[in-house]
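What follows is calculated from the coordinates using simple rules that are stated; it is not laboratory data. What you see is a predicted model, and the numbers here were worked out from it, not measured in a lab. Backbone-built Cβ (ideal geometry, glycine too); neighbour counts: all protein chains shown.
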Amino acid sequence: MKMQQALDDSIVLRSATTVAEARRDLADHMPDVLICEVCIGQASGLELCQFIRSTPSLYYLPVMLLTSLATLQDKIAGFEAGADDYVVKPFDARHLVARIRLLSRIKRLEQSED
């Protein structure tokens, strides 16, 4: 299932095909939630997670890893890299949308505390 087909109309999707492209996009546009594959061409979504967590302006950006890598070690590596959520493909669209909304709500709550 394609990502846009899984999401409802209330969620706007922007995509990047490389980690470098994602980093450039993040400099220009702050999304509510970043959804990232662990394997992005030659690079790693884990590296993107680490970059986000080490960048003060992006620190509160919720990161969801959406991947086919399903071992416990893969999940632990994702969370240790800074992911807030880890969803294994194939996924249920309603479940994915609910998790995206949850991450977005948590972000709003964290920002309102500052």
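A few notes on this one:
- Here Cys39 fulfils each of the conditions (1) without any contact (Cβ under 8 Å) to a residue 12 or more places away in the chain; (2) in contact with a Ser or Thr (Cβ under 9 Å, 6 or more places away or on another chain) apart from (1).
- In the range 1-22, residue surrounded by the most Cβ atoms within 10 Å (Cβ to Cβ) [restricted to those that are more than 22 Å from Ser57 (Cα to Cα) and free of Cβ contacts under 8 Å to residues at least 24 places away in the same chain]: Gln4
- Test result for Ile35, outside any helix (DSSP H, G or I), at negative phi and in contact with a strand residue (DSSP E or B) (Cβ under 7 Å, 6 or more places away or on another chain): yes
- As a summary of the residue check, Ala70 satisfies the conditions (1) touching a residue at least 12 places away in the same chain (Cβ under 8 Å); (2) assigned to a helix (DSSP H, G or I); (3) surrounded by fewer than 17 Cβ atoms within 10 Å (Cβ to Cβ) except for the one numbered (2).
- Any chance Asp25 is surrounded by 13 or more Cβ atoms within 10 Å (Cβ to Cβ) and either assigned to a helix (DSSP H, G or I) or without any contact (Cβ under 8 Å) to a residue 40 or more places away in the chain (or both): yes
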